Amino acid sequence: MNRTIKKVAVLGSGIMGSRIACHFANIGCEVLLLDIVPKEPNPQEQAKGLSLSSPLVRNRIVNEAFQNTLKANPAALFSSAFAGRVKLGNFDDNLAEIKDYDWVIEVIVENLAIKQSLFEKVDALRKAGTLITSNTSGIPIHLMAEGRSEDFQKNFCGTHFFNPPRYLKLLEIIPTQWLLVVLMKYRTLLG
């Protein structure tokens, strides 16, 4: 199967998620970077009269993480102009937008239950054939795909980027059992 990747959604804006988002912006992809909504406004937001319904509060985590990445040394972007290729949002308000993306990369906390909960939502919102990957380095890939649709499982694997992605030109691909079967059939066809 040939894939064209033009739009990448990165779920999780921590150090790795934000840098992976920048890595794809560097090569011209349109990127959606999402993270959780804070539980409540912080004292500075409260002093400004902002509530949890304010977009500034709802996107605080992703905004702060991305701004920190833009200030990082070494730089995550080839050009600061590429930051405009990254749209910021949160899981509650923007997750449904993944239906328009070619590749969804999960880069959240290393907790299987939390990852499975997010993948359940992703499975319900994504279009068929969308590539879904996890940047996990410690959780078995097959456990994250359990209970997901057949199409999700067929298009799911691990893609472990190394930090910082722009400078460490390493990408570990971690197949699922389904992908291994496909690769073995392909290898047999090639002789």
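Laboratory data are not the source of any read-out in this text; all were calculated from the coordinates shown. Only a predicted model underlies this, so the values are computations on that prediction, with no experimental measurement involved. All Cβ positions, even for glycine, are placed from backbone atoms using ideal geometry, and neighbour counts span all protein chains on display.
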Exercise. Cα convex hull of region 38-98: how many Å³ per residue?
Worked result: 105 Å³
For this session: Check cross-link reach from LYS71 to the lysines: straight Cα distance under 18 Å, and skip same-chain residues fewer than eight apart.
Result: LYS87
Exercise. For region 32-105, what's the relative contact order in percent, using C-alpha pairs closer than 8 Å and at least 6 residues apart?
Worked result: 42 percent
Exercise. Given a cut-off of 22 Å, what percent of all Cα-Cα pairs of the chain lie beyond it?
Worked result: 49 percent
Exercise. What FRET efficiency do you get for SER80 and LYS6 if R0 is 22 Å and r is their Cβ-Cβ distance, rounded to the nearest 0.05?
Worked result: 0.50
Problem set entry | Calculated [θ] (222 nm, deg cm²/dmol) that DSSP helices of n ≥ 4 give over the chain, each run adding -39,500 (n - 2.57) | -10500 deg cm²/dmol
Seminar exercise, completed: Going from the fewest other Cβ atoms within 10 Å to the most, one would list ARG85, ARG126 as ARG85, ARG126
